[in-house]
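Read through the structure below, which is laid out as structure tokens, and then see the notes.
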Amino acid sequence: MGRTQEQRAVRVLEEGSIELLSRPRVEQQNPESINDVQRLLMVLTPGNRSPLRVIAIGRKQTQDRFWGFVDLVLHDRRDLEAALGAHVYSTRTRGVGHLPAARVFARGEYRFESTDGDTYLRYVLQETEESFIVSVANPDPSAWNLEEMPDLQLDLFHLTEVHVSLPTTFPPSLQQRFNGNRYAPLDTPAWLDHPGAELIFIRRE
């Protein structure tokens with residue numbers, strides 16, 4: 001009986017396929033270790049064919065707690081390939097630079113589940129299964145006792161890779177869910193449809 005009640009308490013918000021990608025450091029075409037990785041990316045493609053999302057992770061390694069943001073929301077796989085492909089750019093001091101393409105290193109399935117007031121991201125990659133509590137950060141500086149929010153992505157990512165400004169502005173229907181708090185549970189996939197949405201991941205034991 002207890003197991004049945006637990007299953008009834010779980011609400012599936014979204015499920016689909018997941019890809020984890022890495023991008024080598026600038027000018028590093030053949031990375032040999034995690035130190036050669038510029039950033040980690042998570043690509044979520046819902047099974048209902050709604051827009052796929054690219055989530056940039058603000059840490060090189062998957063730790064017990066880490067920060068990320070919705071970098072891109074795309075409707076076409078070709079747009080994804082163009083955005084994450086190799087790029088050539090110019091700098092004032094070093095001339096022309098080369099940014100390697102992002103590379104897929106794992107694929108699997110994911111699911112967002114809501115239960116007991118929290119939302120969990122669960123994914124399976126081959127034989128590895130992970131589960132994280134996911135929350136959304138409030139972009140309103142007053143919730144943080146600040147006059148304006150800092151550009152956190154500039155401290156963690158190369159300028160040529162940032163596709164959106166942080167934080168984003170949510171529509172009133174989503175913003176009111178914070179109720180003045182600094183965080184809100186990712187209780188609807190609609191949060192992920194806004195580039196610049198900041199996310200906090202906490203590993204669930």
Is it fair to say Leu174 is at pLDDT 95 or above, hydrophobic (A, V, I, L, M, F, W, C), under 18 Å from Val134 (Cβ atoms) and in contact with a Lys or Arg (Cβ under 6 Å, 6 or more places away or on another chain)?
no
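Per-residue answers, yes or no, for (1) more than 22 Å from Phe178 (Cβ to Cβ); (2) in a strand (DSSP E or B); (3) at pLDDT below 85:
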position: Gly68; (1), (2), (3): no, yes, no
position: Val73; (1), (2), (3): no, yes, no
position: Glu81; (1), (2), (3): yes, no, no
position: Ser90; (1), (2), (3): yes, yes, yes
position: His98; (1), (2), (3): yes, yes, yes
position: Ala101; (1), (2), (3): yes, no, yes
position: Phe105; (1), (2), (3): yes, yes, no
position: Tyr120; (1), (2), (3): no, yes, no
Is there any pair linking a residue in region 105-118 that is more than 24 Å from Leu20 (Cα to Cα) to one that is assigned to a strand (DSSP E or B), with Cβ under 9 Å and at least six apart or on different chains, and which?
Thr115/Arg11; Gly117/Pro185
Among the residues that make up region 134-147, is at least one of them surrounded by 14 or more Cβ atoms within 10 Å (Cβ to Cβ), more than 16 Å from Phe201 (Cβ to Cβ), modelled with pLDDT under 85 and not charged (D, E, K, R)?
no
Among the residues of region 29-37, are any at pLDDT 75 or above and assigned to a strand (DSSP E or B)?
no
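The values are calculated or read from the model by the stated rules, or taken from the named source; none is laboratory data. Quick caveat, the model's predicted, so the values are computed rather than measured. Backbone-built Cβ (ideal geometry, glycine too); neighbour counts: all protein chains shown.
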